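Trainee: I'd like to ask you about the structure that follows.
The values are calculated or read from the model by the stated rules, or taken from the named source; none is laboratory data. Being a predicted model, the structure only gives us computed values, none of them experimental. Ideal geometry is used to build each Cβ from the backbone, glycine not excepted, and the neighbour counts take in all protein chains shown. Ligands, DNA and RNA are stripped out before the accessible areas are found, and what is left, the full protein with its side chains, is counted by its heavy atoms. Shrake-Rupley method; radii C 1.70, N 1.55, O 1.52, S 1.80 Å.
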Amino acid sequence: MYLQTPTLPQQSLAHCIDAAGRQIPPLWPLASHVAVNPYLGQSQHRLAKTAVQLQRIGAGPVTMPQAYYLERMKSGEITDQDLDDALLASPYPNKPKTLNVLKEALTQSRETAKVLPTVADLAARITGTDWPGIIADRIGNWAAGHFDAGQALWITSSGKTAWSAYKTGAPHDITPEILGLKGFASFIEGAPDSALEAIAQSVERLGMRDDALESYFHQLLLSLGGWAQFARYRLWRAELSNETESTLTDLLAIRLLWEEALYTQFEKDVATQWEATQDAHAAPITPGDPEIIDEIIQEAVERAAQRALADKLAIPREKNDIARPSLQAAFCIDVRSEVFRRALEGIDASIQTLGFAGFFGVAVKHKRFASDVEELRLPVLLNPTVHSCATRQEDAAGDLNARFRARARRAWGRFKLAAVSSFAFVEAMGPVYGVKLVKDSLKATPSSALKDPKPILEPSLDLPSRTRAAETVLRAMSLTSNFARIVLLAGHGASVVNNPHASGLQCGACGGFSGEVNARLLADLLNAGDVRTALVERGINIPDDTVFIAALHNTTTDSILLYDQDVNKPTHVGDLKKIKTWLAAAGKVARTERAIRLPRAANEGAVSSRAHDWAEVRPEWGLAGCKSFIAAPRSRTSGRNLAGEAFLHDYDWQQDSKNGFAVLELILTAPVVVASWISLQYYGSTVAPDVFGAGNKVLHNVVGGIGVFEGNGGLMRSGLPWQSIHDGDQYVHAPLRLTVCIEAPCDAITDILKRHDRVRELFDNRWLHLVTIDQDGRMAWRYAGDLSWQAVS
C-alpha cells in the first residue's frame, strides 16, 4: 500500500497500516457501482467477534435490535426448535446453558456499546467544538476535488499523490484556524514529504502503543467514510494488475495529521483519557454474553428462513420431460430473474429456462460505439480476458459523427455550468428547458448503449480459443444437449432516471453495466458454424436449426428487448413472433406480482411508469429480499414460488463429475462469492445504516462523479440508500446471511473448500450457510464448519 521501501523500524508500522486498510471494504465509483460485502475485512472472524471489533470503533451493530427478534419469536416465525438448533450449533463455551436461559437473556435490557474516542472526540468534549464533524467536512471537501472523476470544471491536483496534494492545498484552508486549531497551516507545511514518515511522526507524538495501532488506524480510516473505501477500491484494482497503490496510506496520514495537531494543542486536557483509550484498543477482541446471544438469535432467524425454504423445495412436483423445448431462455442468476422465469414457464409447459452468471462467461473490456472509454463488463473479482468494441470498419463515418455530437454536448454542458455563463443561461434558456422536462417525464428514452451496433471481439480469437470458450460456457450452463430451435441469452439491466446509484441496479456480474454486450458476444460465438463443427468433437452437437439470440431483461419494467437483428434467419420468423408474444405475457404476470410489493403501484400498468418518473425513489426493489443461492437442475425449483428471493444457477453434478467437478469449483469461487457480496451489502445497510448505508436518497448530491453526499457535504456515503431496504413503514429486506444450497456430493464440495481458504472462511465463520440438497429437492446435509457435515433432520 506504500510506494517507497520502508526502513526496518518502519516495516512493522507499514504492516499495521496494511492490515488496517484491508479491514475497509472497497467502494466502486457510481459509473460501475457494484455491491460489496462491508464485512470483507472481518471474514476471518465469526459474527460475535466482529461485533466487538466494530462496535468499539463505531461501526456497529452487526445484528438487529433485540425487539426485532422478539417480535418474530412472538409471531411464531422463529420457533423454539430454531432457537434450540442455533444454540446447539454455537461454538462458545460460555453460551447460555439451556433454551430457557437464552430466551430470558433476550428480554434483558443492555447497556449501549461504548465507542472508543479519537483525539478529535476528546478535544470536542473539552472545547464544545465538533472537531470530528469539522475534520470530515474539510477532508471531504478537499477529497471531492482531488479525486474528481470529471464532474468538476476545475482540476485541483492532477498527477499528485493524495498526500502531496493535501500538503500543497490544505494550508490555504484557514477554516481550522478560525475554529480554534492554532497554526494548523504551518503544521501541515512542516509535515514530512513522505506519508509513511508522517504517520511515524504522528504515532510517536501521540505516544501510541504498538499493539493499539491496527485498531486505531482502522478507526481513523473508518471515520473517513466513503473516501477510505474508494481508496480501498483503488488498491483492489491495482492488485488485480499486480501493482500497488498508496492512497489508503496517504489518507491515513492526513487523518493522523489532524489527530497530532489536536493532541499537541490539547495534550494537557486529554492525555489521561487518551492513554486509557490506547489500552482499550490494545485489549483482546473477546465476545461477551451480549455478542454471543446476538449471534445465536441471528442464526435462529436464518434457520427459520431455511426451514421455510426447505418446505417449498420439498413440495412434490410432476416431472415435465420435454422431448424438445419450444424455447430455452438463459437468464442471469439474479433474484429478480426468478420472478420472470417462473412467469415465462407458466405461459407454456414446453418453455425451459436456465440460470447462469449474467456475464455469460465473457469477461470483456468493452468500448461502446463512438467511445474510447473501456468498460469492464465482468465480475469485479476477475480480470478481462477479451476486448470488444461496437464499431466496425463500415461504421467509421457514423462513429465520427457521433463523436462530434458528443463533443458538442460536452461543450454545451460546460457552458451551462461555467462560473459566468451559468447565470445568463438560466435566465435565457429556462423556459425552453421546461418543454424538455415535460417530454422527458412523459416518455422514457432507452439508453443509447442498448442500440449500439453488434459488438465484435478485437482482436478476434482463433478457432481453438473460441471453441474452448464455447465448450466451457455451455458445460457451465449444463446445456450440452436437447437444444431448442431458439435459445435466448438474456442479460439484464435496469432503466431508471435521476438515480445516482443506477449502475447498482444493473448486472453485478457485468461490473455494474447491463448485460447485453456479453450476451451478444456469446450468441455470435455459438452461432458460428466453425465453432459448432469443432464442438461436435468435444461431445456437444448443436442442431443446424438452433439459433442463439441475445436479449436484455429490463428488471424495472420486466420487458425483454431481443437483438434478433444480429441474426438473419428467415426460417425462424414465425418462432420469434410466438416468442415475443410469450415474453410480453410473462412480463405482464411478473409486473403484476411485483406491483404487490411496490409502494403506490396499484396494478401492473403502474410498474413500467416508474422507470421514467424523476421523483420515484423506489423504481424497483433491486435485490432486496435475497435469502438463498441454489445450484441444482431447474427441475428442483421450477413450479415453486421463491418470491424473487433466490439466486438460481443451473447445475448438474453428475455431468460435472466427469470433468472433475470443475463447474462446481467455479460456482463456489465466483457466483457464490459475488452473491455473498450482494447479500451482505443488503445486510450491512439494514443492520448498520449509519455506517454501511448511503442515507436518504432524497438528500443525495453526487460528489466527484464517484459517490454521494447526504446533503451538501460531510463524508461520502457508501452502501445502499434507505429507500432500497425500507418502504417507509417497514423493512422490505430481512437481514439474513445467504443460504447456499447445492445439489452435489459433500465430498466434492469439501475437496474444493480445502483448496480455497478464503471461500472456506466464509462458510466456517457463518458469513454464508451451506447445505446440500438431494435429487428430490430436500435439504440433506448441513456444513458444520471445519470441513465437517451434519445430517439435516
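Trainee: Going by what's in this entry, would N518 be described as over 18 Å from A484 (Cβ atoms) and not in a loop (DSSP other than H, G, I, E, B)?
Mentor: Yes; evaluated as a whole, the condition is true for this residue.
Trainee: What's the number of the only condition in (1) within 24 Å of A734 (Cα to Cα); (2) modelled with pLDDT under 95 that W614 fails to meet?
Mentor: The failed condition is (1).
Trainee: Let me ask you something else. Which of the following residues is in contact with a helix residue (DSSP H, G or I) (Cβ under 6 Å, 6 or more places away or on another chain) and under 17 Å from L251 (Cβ atoms): Q42, Q23?
Mentor: Just one listed residue meets the conditions, Q23.
Trainee: Sticking with this structure for a sec: Name, by its number, the condition in (1) at pLDDT below 95; (2) closer than 26 Å to E299 by Cβ that does not hold for G639.
Mentor: (2) is the only condition that G639 fails.
Trainee: So the check is Cβ under 8 Å with 6+ separation or different chains; which pairs have a first residue in segment 163-181 that's farther than 20 Å from T264 by Cα and a second one that's open to solvent by 70 Å² or more (accessible area, probe 1.4 Å)?
Mentor: Note: pairs meeting the criteria are S164/D193; A165/T156; T168/K160; G169/T156.
Trainee: Right, here's the next one. State whether the residues of segment 683-692 include one that is of a type outside the set (D, E, K, R), at pLDDT below 95 and surrounded by fewer than 21 Cβ atoms within 10 Å (Cβ to Cβ).
Mentor: Taking every residue of segment 683-692 in turn, none turns out to be of a type outside the set (D, E, K, R), at pLDDT below 95 and surrounded by fewer than 21 Cβ atoms within 10 Å (Cβ to Cβ).
Trainee: Let me ask something else about it. Can you confirm whether P500 is out of contact with any helix residue (DSSP H, G or I) (no Cβ under 6 Å at 6 or more places or on another chain), farther than 28 Å from D575 by Cβ and surrounded by fewer than 20 Cβ atoms within 10 Å (Cβ to Cβ)?
Mentor: no
Trainee: Determine which member of the set A276, A282 is farther than 30 Å from I742 by Cβ and either touching a Gly at 6+ places or on another chain (Cβ under 9 Å) or without any contact (Cβ under 8 Å) to a residue 12 or more places away in the chain (or both).
Mentor: Selected residue: A276, the only one of A276, A282 that is farther than 30 Å from I742 by Cβ and either touching a Gly at 6+ places or on another chain (Cβ under 9 Å) or without any contact (Cβ under 8 Å) to a residue 12 or more places away in the chain (or both).
Trainee: Only one of these conditions is not met by A590: (1) closer than 19 Å to A330 by Cα; (2) without any contact (Cβ under 8 Å) to a residue 60 or more places away in the chain; (3) surrounded by 13 or more Cβ atoms within 10 Å (Cβ to Cβ). Which number is it?
Mentor: (2)
Trainee: Inside segment 225-237, can you point out the residues that are closer than 19 Å to P379 by Cα and open to solvent by 10 Å² or more (accessible area, probe 1.4 Å)?
Mentor: The answer is Q229, F230, R232, Y233, R234, W236, R237.
Trainee: Considering only segment 755-786, state which residues are at pLDDT 95 or above, assigned to a loop (DSSP other than H, G, I, E, B) and basic (K, R).
Mentor: R766
Trainee: Cβ contacts < 7 Å: first residue within 22 Å of S679 (Cβ to Cβ), restricted to segment 703-725; second residue charged (D, E, K, R) and part of a strand (DSSP E or B), any location; separation 6+ or different chain. Result?
Mentor: G707/R717; R717/E710
Trainee: Right, next: So how many residues does segment 237-264 have that are part of a helix (DSSP H, G or I), over 18 Å from V203 (Cβ atoms) and among the polar types (S, T, N, Q)?
Mentor: 1
Trainee: For N554, state whether it is modelled with pLDDT under 95, closer than 30 Å to F483 by Cβ and either touching a strand residue (DSSP E or B) at 6+ places or on another chain (Cβ under 7 Å) or surrounded by fewer than 21 Cβ atoms within 10 Å (Cβ to Cβ) (or both).
Mentor: Answer is no for this residue.
Trainee: Being more than 21 Å from R307 (Cα to Cα), buried (at least 16 other Cβ atoms within 10 Å of the Cβ), at pLDDT 95 or above and out of contact with any Lys or Arg (no Cβ under 7 Å at 6 or more places or on another chain) is the requirement here; does W621 meet it?
Mentor: So W621 fails the test.
Trainee: Filter segment 263-315 down to the residues that are open to solvent by 70 Å² or more (accessible area, probe 1.4 Å) and closer than 17 Å to Y92 by Cβ and list them by number.
Mentor: Matches in segment 263-315: P284, T286, D289.
Trainee: How many of the residues making up segment 567-587 are assigned to a loop (DSSP other than H, G, I, E, B) and open to solvent by less than 50 Å² (accessible area, probe 1.4 Å)?
Mentor: 1
Trainee: Additional query: Spot the failing condition for P132; the list is (1) part of a helix (DSSP H, G or I); (2) open to solvent by 80 Å² or more (accessible area, probe 1.4 Å), and only one is missed.
Mentor: (2)
Trainee: Kindly indicate whether any position in segment 727-749 is within 24 Å of A86 (Cβ to Cβ), touching a Lys or Arg at 6+ places or on another chain (Cβ under 7 Å) and aromatic (F, W, Y).
Mentor: No; the residues of segment 727-749 include none that is within 24 Å of A86 (Cβ to Cβ), touching a Lys or Arg at 6+ places or on another chain (Cβ under 7 Å) and aromatic (F, W, Y).
Trainee: Same structure again: Report yes if A113 is part of a loop (DSSP other than H, G, I, E, B), small (G, A, S) and either surrounded by fewer than 16 Cβ atoms within 10 Å (Cβ to Cβ) or over 28 Å from the mean Cα position of the chain (by Cα) (or both), otherwise no.
Mentor: yes
Trainee: Which members of segment 536-566 meet the condition of being in a loop (DSSP other than H, G, I, E, B) and not hydroxyl-bearing (S, T, Y)?
Mentor: Correct list: E537, R538, G539, I540, N541, I542, P543, D544, D545, D558.
Trainee: Can you name the number of the only condition in (1) closer than 23 Å to E537 by Cβ; (2) surrounded by 22 or more Cβ atoms within 10 Å (Cβ to Cβ) that L474 fails?
Mentor: (2)
Trainee: Select from segment 78-93 the residues that are surrounded by 17 or more Cβ atoms within 10 Å (Cβ to Cβ) and more than 25 Å from R758 (Cβ to Cβ) and list them in ascending order.
Mentor: Scanning segment 78-93 gives I78, D82, L83, D85, A86, L87.
Trainee: Does A523 meet the test of being in contact with a helix residue (DSSP H, G or I) (Cβ under 7 Å, 6 or more places away or on another chain), assigned to a strand (DSSP E or B), at pLDDT 95 or above and under 23 Å from P570 (Cβ atoms)?
Mentor: Judged against the criteria, A523 is not a match.
Trainee: For segment 58-67, indicate whether the set of residues that are part of a helix (DSSP H, G or I) and open to solvent by less than 80 Å² (accessible area, probe 1.4 Å) is non-empty.
Mentor: Yes.
Trainee: Specify the residue that is surrounded by the most Cβ atoms within 10 Å (Cβ to Cβ); the eligible residues are those in segment 253-262 that are more than 31 Å from the chain's Cα centre (by Cα) and of a type outside the set (G, A, S).
Mentor: W258
Trainee: If I ask for residues that are aliphatic (A, V, I, L, M) and either in contact with an Asp or Glu (Cβ under 9 Å, 6 or more places away or on another chain) or assigned to a loop (DSSP other than H, G, I, E, B) (or both), which ones from segment 634-666 would you list?
Mentor: L642, A643, A646, L648, A662, V663, L664
Trainee: In segment 697-723, which residues are β-branched (V, I, T) and either buried (at least 24 other Cβ atoms within 10 Å of the Cβ) or touching a strand residue (DSSP E or B) at 6+ places or on another chain (Cβ under 8 Å) (or both)?
Mentor: Within segment 697-723, V702, V703, I706, V708 meet the criteria.
Trainee: Can you say whether A51 is buried (at least 16 other Cβ atoms within 10 Å of the Cβ) and in contact with an Asp or Glu (Cβ under 7 Å, 6 or more places away or on another chain), as far as the supplied structure shows?
Mentor: Yes; evaluated as a whole, the condition is true for this residue.
Trainee: Mind checking whether some residue in segment 184-191 is within 21 Å of T127 (Cα to Cα) and of a type in the set (D, E)?
Mentor: Checking segment 184-191: not a single residue is within 21 Å of T127 (Cα to Cα) and of a type in the set (D, E).
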